[in-house]
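Enquirer: Take a look at the following structure, please.
The values are calculated or read from the model by the stated rules, or taken from the named source; none is laboratory data. This one's a predicted model, so the numbers in the text were calculated from it and none came from an experiment. Glycine gets a Cβ as well: all are built from the backbone with ideal geometry, and neighbour counts include every protein chain shown. These accessible areas exclude ligands, DNA and RNA; they are computed on the full protein's heavy atoms, side chains included. Shrake-Rupley method; radii C 1.70, N 1.55, O 1.52, S 1.80 Å.
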Amino acid sequence: MNILASYDWLKEYVDLDKIDPQSFASRVSLSGPGVERLYPQGVELDGIVVGHVVEVKPHPNADKLRIATVDIGSKKATIVCGGSNLVEDQWVAVAKVGSKVRWHGEGEPIELKPIEIRGEKSEGMICAANEIGLYDAFPHQEREIVDLGKSLPDLKVKAGTPLADALGLSGDMVLDIEITTNRPDAAGMVGLAREAAAILKRKLIWKASKMPKAKTISSIKVAEKKLCPRYIGVHIGDVTIGHSPWWLKRRLLSAGLRPINTAVDITNFVMLELGQPMHAFDADKLSEDTLVVRTAKKGEKMQALDGKTYSLEDGMLVIADADQPQAIAGIMGSETSAVTSGTTSIVLEAATFDSVSVRRTARKLNLYSDAQLRFEKGLSMMAPPEAMARAVELILELCGGKVTGMSDIVGHAYKAPSYSISFAKIDELIGIPMKKTDCVDTLKRLGFEVKADATKLTATVPWWRDHDIESGRDLVEEIARVYGYANLPAVFPPGIAPDAPVRTLALEDRAKELAKQAGYTETFTYSFTSRETQEMAGYDSSKLLSIANPLSADFELMRTSLLPSLLQVAMQNQERFRSQKLFELANVYYPRKGKLPDEQAEFGALVLGDENAWREAKGLVEHVLAGLGVTDIVWKRLASDSFWHPGRTVQAMVGEDLVATVGELHPTLAEKYKFEGRVALVDLPLRHVFHRATDAKRYRPIPIYPVSKRDLAILVDKSVEVQDVVSKLSKVDKLIRSVEWFDTYKGKGMPEGKKSLAFHIEIGADDRTLETADVDMVMEQVIEEAQNKFRADVRE
């Protein structure tokens, strides 16, 4: 998970004096959350200034346009403007000549130039918010311009001040930070500040808010305390909901969130600040003024804040009033009880929900949110009080009102975990001697309570790390990372040199290399697959291993073949590549009752092309098997199959082992994929292939005596297989070096039910040059064998 964090905002929580954003990112990334990118703020507002409208006159040639005289500091500019809300003595955003804007908020930025509009000179542009990327901050109606005085009542700047300066954006930098799954505490500004204070040895200047006293109310209940270990609800009446002040909007926008209204913005702000998601209900929309944390009932539905209606299942945790669910716990609230500008009474929620329950519900509903991302990583039951106090403080400050009651329901007593480890073990695990005082100091800076004696230390884990620190070894990791892994000496670890590559791995590499030599491109697809992908290829998805908690519907099954994935790749790319030669070598997974799946390596390939696609695919198989040293291959035609083409599919056997299936895709399936050419596929079960593979090479000297080459064409029944003929004729006489098929003819002039097969036959001896009589004798034996075994007639 990645977050966006404003550097200016971060400085409100930790002393970063004289540390620039680049230095901060470099140092903190080595010991804590990794800063991946830095985005300077306000650069898109270059050339846009604050202007003061001095005079507004009608345009002589256009009813909907007016001519404004605007003080932009350096001069008074004449600007033609169509803004419906343009008035005199108004503070506006002016794009000067040379700056860039998006015309009506659409398309690519365009550079402004001095122009005449309906015969009147215009020296710039008075901007609407959507034309300068500020629509989310200052939403407006069509043809309305930004009224800075109305939107920013505390604005105190001179005309000509750069708009980025007026908005406090200049000099700020937004950091794109990767937060690992085990550190949800660092997904909040305060958590980042704690990390920075510990790593940089700077002072943490953040102070927690205090919750005002309020009477306990009984209208909030928790029926599922295992799934909801803590739930805090606070009722606040007589509130006024409106637009948030700019400082609050700015913080949300810097993190990628859209401002909505003061109450909702405050809950999102607290989530960004403290890492604890919150929610606000319109109290007057709750039936019987009641909230109950329970599991969903069969058949219940809820229209969420994203506008979609979701069918809930048994076991899904919800927050409901007396009639219906009003929120899916830890994921999203209901549109029914949403806070709007007309809301006068609210209930704030800060809770801890079971991470597994949140994750399962999100996956089943395919519903995700910023709150869900945090809850599913595991949050402490000690986080809600701090978040609630901060939210109440901001609500009272920005919305007014009065706290009329609260409820704090705790499922079980909290006990902070504590772990011990010896200093000797710390030195052993880190690899260098560490000062005892440095170890203790590092943990204290990270928020641990530490006790130490001469041989060991004992640390109590701060609540914000109680899902992360699980043993004394984790304490060592904390000490090592803050010390800096880059500061540890680079020493080659002692030990035994690794063995040569395992034979299977070496064979896999060889098979890949052979495919690349043949001009094939390697693909990489997921082992997890979807029902749609499998069923489109004609596979029965019910026979595949199903994932209990998949990331999404695209990854809910474990594949038993590479071919459906290859077909998807080819289909998705056929608009760009009309001919394709692809292969993949990866594991497939066969279900085993009560056991882990049978994991086997498989080689799959696909050829998309013309009528020669099948020959290309078969050639690949022969090339790969030959390169792996697999010999004594017998080809057999595949019987009827719903996946493979009924007349263009064969299998390669070595003894009883199937080492390859190659053929075209069944026409019915090819039509589903809308392939415009022929599609041939290859499937090699590598367990059997590698069992027959060999590294041994046999030397066969080049014959010193010439061989004789004869061609033979025979007429046989259509049912006769070429492979059977080659096999039989090759064994007629030891002088036969090879029998190679080169043609099959079934066209005009062939008797009914017959076909013509043609072969090249090489005949030779190692000890002499054969005479014509010798060759003729062998050929007579070959013809006799063909007549006896296949009732063949020799064609002249």
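Enquirer: R0 = 25 Å: FRET efficiency of T694 with D610, Cβ-based, nearest 0.05?
Expert: Step by step, r from the Cβ atoms, then E = 0.10.
Enquirer: Let me ask something additional. Any chance you could list P(r) for region 40-159, counting all Cα-Cα pairs in 5 angstrom bins from zero, rounded to whole %?
Expert: Percent of pairs per bin, in order: 2, 12, 23, 27, 23, 10, 3, 0, 0.
Enquirer: Please list Y13, Y414 in order of solvent-accessible area, largest first, computed with a 1.4 Å probe with all protein chains present.
Expert: In descending accessible area the options line up as Y414, Y13.
Enquirer: What value does region 639-703 have for Rg/Rh, both radii from Cα atoms and Rh as Kirkwood defines it?
Expert: The Rg/Rh ratio comes out at 1.17.
Enquirer: Sticking to Cα atoms, compute the Rg of region 583-660 to one decimal and its Dmax as the biggest Cα-Cα distance, whole number, in Å.
Expert: Just the Cα atoms of region 583-660 yield Rg and Dmax of 14.6, 46 Å.
Enquirer: A further question on this structure: May I ask you to list the residues of region 658-690 whose amide nitrogen lies under 14 Å from a point 7 Å from Cα along the Cα→beta-carbon direction of R578?
Expert: In region 658-690, the label zone of R578 (backbone N under 14 Å from the point 7 Å along Cα→Cβ) covers 676-678.
Enquirer: Still on this structure, please answer the following. Tell me, what is the per residue accessible area of region 1-54 in Å², probe radius 1.4 Å? The partial results should precede the final answer.
Expert: On the way: 2470 Å² over 54 residues.
I get 46 Å² per residue for region 1-54.
Enquirer: What FRET efficiency comes out for the pair K215/S341, r = Cβ-Cβ distance, R0 = 22 Å, nearest 0.05?
Expert: With a Förster radius of 22 Å, E is 0.20.
Enquirer: Could you compute how much accessible surface H104 exposes when probed at 1.4 Å, giving the result in Å² to the nearest 10?
Expert: 120 Å²
Enquirer: Still on this structure: May I ask you to work out the translational diffusion coefficient for region 347-477 at 37 °C, viscosity 0.692 mPa s, via Stokes-Einstein with Rh from the Kirkwood sum over Cα pairs, reported in whole µm²/s?
Expert: Diffusion coefficient, whole number: 184 µm²/s.
Enquirer: Using a basic spin-label model with each label point 7 Å from the Cα along Cα→Cβ, how many nm lie between T240 and K298?
Expert: Roughly 5.1 nm, to one decimal.
Enquirer: Relative to the longest principal axis of the chain, what angle (0 to 90°, nearest 10) does the C-alpha long axis of helix 772-790 take?
Expert: 70 degrees
Enquirer: Another question, if that's okay. Got a sec? What order do S209, S642 fall in by accessible area at 1.4 Å, biggest, i.e. largest, first?
Expert: The ranking, largest first, comes out as S642, S209.
Enquirer: Could I ask something else about it? What are the chymotrypsin sites (Phe, Trp or Tyr not before Pro) within region 662-736 that DSSP puts in a loop, where the Cβ has at most 15 other Cβ atoms within 10 Å?
Expert: For chymotrypsin sites (Phe, Trp or Tyr not before Pro) across region 662-736 that sit outside H, G, I, E and B with at most 15 neighbouring Cβ atoms in 10 Å, the list reads Y699.
Enquirer: Relative contact order (percent) for the chain, with alpha-carbon contacts under 8 angstrom and 6 or more residues of separation?
Expert: Contact order relative to length: 9 percent.
Enquirer: Before I look further, what does region 660-796 give for accessible area per residue, probe 1.4 Å, in whole square angstrom?
Expert: I get 62 Å² per residue for this part.
Enquirer: When the accessible area of region 607-701 is split by element with a 1.4 Å probe, what percent falls to carbon and sulfur?
Expert: Roughly 48 percent, rounded to a whole number.
Enquirer: Please report the projected area of the chain's Cα convex hull averaged over all directions, in nm².
Expert: It is 52.5 nm².
Enquirer: Separate question: Working out 0.36 nm times the residue gap between K754 and K636, then minus their Cα-Cα distance, what length gain in nm do you get to one decimal?
Expert: On the way: separation 118, 0.36 × 118 = 42.48 nm, distance 1.96 nm.
Result for the pair: 40.5 nm of gain on full extension.
Enquirer: How big is the Kirkwood radius of region 1-57, worked out from every pair of different alpha carbons and given in Å to one decimal?
Expert: In region 1-57 this quantity evaluates to 14.4 Å.
Enquirer: Scan region 700-752 for GluC sites (Glu not before Pro) in coil per DSSP, keeping those whose Cβ has at most 12 other Cβ atoms within 10 Å, and list them by number. Mind dumping the intermediate values first?
Expert: On the way: sites: E721, E740, E752; in loops: E721, E752.
The qualifying sites are E752.
Enquirer: A further question on this structure: Need the full-extension length gain, E12 to A486, defined as separation in residues times 0.36 nm minus the C-alpha distance. One decimal, nm.
Expert: 167.7 nm
Enquirer: I want to check the label-to-label distance for I432 and K57. Put each point 7 Å from Cα in the C-beta direction and report it in nm to one decimal.
Expert: Between I432 and K57, the simple spin-label model gives 7.5 nm.
Enquirer: Could you tell me what percent of the accessible area of region 105-243 is made up of carbon and sulfur, with a 1.4 Å probe and every protein chain present?
Expert: Carbon-and-sulfur percentage of accessible area, whole number: 49.
Enquirer: Kindly report, to the nearest 10 Å², the accessible surface of Y526 as traced by a 1.4 Å probe over protein heavy atoms only.
Expert: Surface accessible to solvent at Y526 totals approximately 150 Å².
Enquirer: Still on this structure: Summing Lys, Arg as +1 and Asp, Glu as -1, what charge do residues with Cβ under 10 Å from the Cβ of S6 carry, S6 excluded?
Expert: My count for the surroundings of S6 gives 0.
Enquirer: What spacing in nm lies between the two simple spin-label points modelled at V87 and K121, each 7 Å away from Cα in the Cβ direction?
Expert: A separation of 3.0 nm, rounded to one decimal place.
Enquirer: While we're on this one: By how many nm would the segment from D743 to R710 grow when fully extended, if each residue of separation counts as 0.36 nm and the alpha-carbon distance is taken off?
Expert: 10.4 nm
Enquirer: If I take R0 = 30 Å and measure r between the Cβ atoms of T309 and K207 in this structure, what FRET efficiency does the formula 1/(1 + (r/R0)^6) give, to the nearest 0.05?
Expert: Plugging the Cβ-Cβ distance into 1/(1 + (r/R0)^6) gives 0.10.
Enquirer: I'd like the distance between the alpha-carbon centres of region 530-557 and region 65-106, rounded to an integer number of Å.
Expert: 57 Å
Enquirer: Give the residue list of GluC sites (Glu not before Pro) in region 52-144 that are DSSP loop and have at most 13 other beta-carbon atoms within 10 angstrom. Please report the intermediate quantities before stating the final value.
Expert: Numbers: sites: E55, E88, E106, E111, E116, E120, E123, E131, E142, E144; in loops: E88, E106, E123, E142, E144.
Those that pass, being in a loop and sparsely packed, are E88, E106, E142.
Enquirer: Follow-up question, since we're still on this one. What's the carbon and sulfur percent of region 1-50's accessible surface, probe 1.4 angstrom, rounded to a whole number? Intermediate results must be reported in sequence, preceding the final value.
Expert: Values: 1130 of 2360 Å².
Result for region 1-50: 48 percent of the exposed heavy-atom area is carbon or sulfur.
Enquirer: Considering only protein heavy atoms, with the full assembly of protein chains and a 1.4 angstrom probe, order D695, D63, D15 by accessible area, largest first. Write out the running numbers ahead of the final one.
Expert: On the way: D695 95, D63 165, D15 60 Å².
Result, largest first: D63, D695, D15.
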